[in-house]
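Read through the structure below, which is laid out as structure tokens, and then see the notes.
Coordinate-derived values only; no laboratory data. Source: prediction; values computed, not measured. Here the Cβ is made from the backbone with ideal geometry for all residues, glycine too, and neighbour counts use every protein chain on show.
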Amino acid sequence: MENLKIIQYLFNQNVNTSIRIVEFQKDFTLFSYFNNGTLSNTVSLKTGYEFIVSSYFKHPVPTPDDVEYAINYLEDEIMSVKTLLNHNEKLFLKAKSLIRVITGKDTEYISVTRQHVEDVFNQYAYLSMGKTLSNVFTEYNHADFAQMLILREIMHHLNFEEVNIF
């Protein structure tokens, strides 16, 4: 029901294109496809943030190997479903916690490019290599790292240039 309210809002804002809403859950990631305000398909992948943390992040701060194993898993899962490839859709991510991670601010909605997501993810990658936190991060936690990793892989492998996070 909440997705329907979101879709109505987006269409009232003259977003008149196909929309993909992604939701990160603990054990899975849900992709919902909307055309003309109507849900047309859903796909669920076993790529939830807690699943990634418990399966791949074996150290207090994941090592480069931990991250690489998680990336390999995510790539395989994401690329296994060909309908996930972007076909001129707008990508929306339901993950308010990532807004603060990405911007350092508490806002309701942001729109960021794939390059910006990559830049934020790289801060986590540097942390895994033993570097210190950048001034963007006020604290580190596995769930945020996993969500940034999942988002990065979705945008990269499914060919989304921009994500709208709410």
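Mind running the shape call on the range 62-157? Use the C-alpha gyration tensor, a ≥ b ≥ c as the square roots of the eigenvalues: rounded below 1.5 for a/c, prolate if a/b tops b/c, oblate otherwise. Oblate, since a/c reaches 1.5 and b/c is not below a/b.
Under a point-charge model restricted to the Cβ atoms of Lys and Arg (+1) and Asp and Glu (-1), what is the dipole moment magnitude of the range 44-166 relative to its Cα centre, in debye to the nearest 20?
About 220 debye.
A dipole drawn for the range 2-165 from +1 and -1 charges on Cβ atoms has a positive end, and of Ile52, Pro64, Asn159 the residue lying farthest that way is Asn159. Annotation for Asn72 and Ala143: the two label points, set 7 Å from Cα along the Cα-Cβ direction, are 2.9 nm apart. Per-residue ellipticity at 222 nm computed for the chain from its helices equals -14000 deg cm²/dmol, with DSSP H segments shorter than 4 residues left out and the rest contributing -39,500 (n - 2.57). Here's the list of aspartates and glutamates a cross-link from Lys82 could span, going by alpha-carbon distance under 17 Å and ignoring same-chain residues fewer than 8 apart: Glu153. Can you give the FRET efficiency for Phe28 and Leu85, using 1/(1 + (r/R0)^6), R0 = 25 Å, r = Cβ-Cβ distance, to the nearest 0.05? Efficiency at R0 = 25 Å is approximately 0.85. In the structure shown, the pairs Lys26/Lys94; Lys26/Lys58; Lys94/Lys131 are assessed against 22 Å; a Cα-Cα span above that value is assigned to Lys94/Lys131. In this simple spin-label model, placing a label point 7 Å from the Cα along the Cα-to-Cβ direction at both Glu108 and Ser55 gives a separation of 3.6 nm. Full extension of the segment from Ser18 to Val43, taken as 0.36 nm per residue of separation minus the current Cα-Cα distance, would add 7.4 nm. Long hydrophobic helices in the chain: the complete DSSP H runs spanning 20 Å or more by Cα along their own axis with mean Kyte-Doolittle hydropathy of at least -1.0 are 64-79, 114-128, 142-158. Using C-alpha pairs under 8 Å with a sequence gap of at least 6, the mean separation divided by the residue count of the range 2-165 gives a relative contact order of 25 percent.
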